[in-house]
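Only the coordinates and a few stated rules stand behind these numbers; no lab work does. Just so we're clear, the structure is a prediction, and the values are computed from it rather than from any experiment. A quick note on method: Cβ atoms are made from the backbone with ideal geometry, for glycine too, and the neighbour counts reach across all protein chains shown.
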Amino acid sequence: MASLETTGIQKSESLAIIKVRMVLVHVLCLTVFILPVTEQIIYWSVVLFFVRVFAWEAGSHRYFAHRSYKTSRAFQLFLALLAASGGQRGPLWWAEHHRHHHRESDQPDDPHSPVHRGYWFAHFGWLYDPRYVDTDLDKVKDLSKFPELVWVNKYHYLFPYLVVIALYLLGQYTTVFGSSGLGFSAIVWVFIVSTVLSVHASSCVNTLAHGQKPGFFNLRRFNTDDTTTNVWLLCIPTMGASWHNNHHRFMNSARAGFYWWELDLTYLVLKLLSLFGIVWDLQQVPDHILQEGRQQGAEQQAS
């Protein structure tokens, strides 16, 4: 691992393999109508969905992309493994392209802006564009200096398979999911359904929090240099990521829900972890930005 290259372009899997895998998991979701299911399977599917969302929002996004809090090297590796197991490629890949998104938000060079490339491309199409498949390690030097992160990023596709094997064994040979013999149900419900939904939750932030006119569901508190809005309706399934206009006003904050009434489940979990010393130095929103948001919110209500 120590000799692994930590600079230059890290090649990803074949684009054809990535496309086939994504089509396959969506098709396999349809088997929920024919596979046996139990209350325990539904419960664990919901749990794993939120674990997956936390992995990309607290891990790939707030930690790896924005470094909005600090943690140990061991927990950093845990976050990387958790993110990789969620089926959204490697954490360094995620961080590199998300940082690109912030530099060019809703500009022509934004990797996934619906303003310039349409909603299908922003939601899913950009993931299969050859320009965005590989990882430029030179653009995430703060992360690529850790060989273990580079290794996880390179072999990210292995970790979802390990989760699949574990779930099959648990479902087939134990009663964790209500009875034995439920290996395939566990794979489809607990892994595939939760993974697909979490990927779409992430993609919805790209499409529904950009390029939409402000309205009842899309609120624009800050006058940022893009089209971002806060989509309050999605704050639970995205664990706070949908407070997107807030986030683009101050991206380095450990919280996206800036105010007490903006539910941010990811931040609540991070605060809990900070009580045990697992994470620390959670970056807060500066007071002048909070005041700016209150003032602009009041002006919007008055108008």
Could you state the principal axis extents of the C-alpha atoms in region 182-299, from the largest down, to the nearest angstrom?
-> 56, 39, 21
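Using 0.36 nm times the number of residues separating Lys139 and Gln291, minus their current alpha carbon distance, what extension gain do you get? All intermediate terms of the calculation are to be shown ahead of the outcome.
On the way: separation 152, 0.36 × 152 = 54.72 nm, distance 3.36 nm.
Residue separation times 0.36 nm, minus the Cα-Cα distance, leaves 51.4 nm.
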With label points set 7 Å from each Cα along the Cα-to-Cβ direction at Val27 and Glu104, the distance between them in nm comes to 3.3
Lysine-lysine proximity count for the chain, Cα under 17 Å, sequence distance 8 or more or distinct chains = 10
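Assuming a viscosity of 1.567 mPa s and a temperature of 4 °C, what translational diffusion coefficient in µm² per second does Stokes-Einstein assign to region 111-226, Rh being the Kirkwood radius over Cα pairs?
Answer, rounded: 73 µm²/s.
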Each label point is 7 Å from the Cα along the Cα-to-Cβ direction; what then is the distance between the points at Ile18 and Phe146, in nm?
-> 2.3
Net charge contributed by nearby residues that have their C-beta within less than 14 Å of Pro160 (K/R +1, D/E -1) = +2
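Counting pairs of alpha carbon atoms under 8 Å apart in space and at least six apart in sequence, what relative contact order in percent does the chain give? Kindly include the intermediate steps, with their values, before the conclusion.
Numbers: 482 pairs, mean separation 69.4, N = 303.
The normalised contact order for the chain reaches 23 percent.
Let me know the shape class of region 9-231, please: from the alpha-carbon gyration tensor, a ≥ b ≥ c as square roots of the eigenvalues, rounded when a/c is under 1.5, otherwise prolate if a/b is greater than b/c, or oblate.
On the way: a/c = 1.82, a/b = 1.40, b/c = 1.30.
Prolate.
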Top mean-square fluctuation among Arg131, Arg220, Arg117, Gaussian network model of the chain, C-alpha springs under 10 Å?
-> Arg131
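Please give the net charge around Ala65, taking every other residue with its beta carbon less than 9 angstrom from that of Ala65, where Lys and Arg add +1 and Asp and Glu add -1.
Surrounding charge for Ala65 is +2.
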Fully extended, how many nm does the chain gain between Trp261 and His116 (0.36 nm per residue separation, minus their Cα-Cα distance)?
-> 48.9 nm
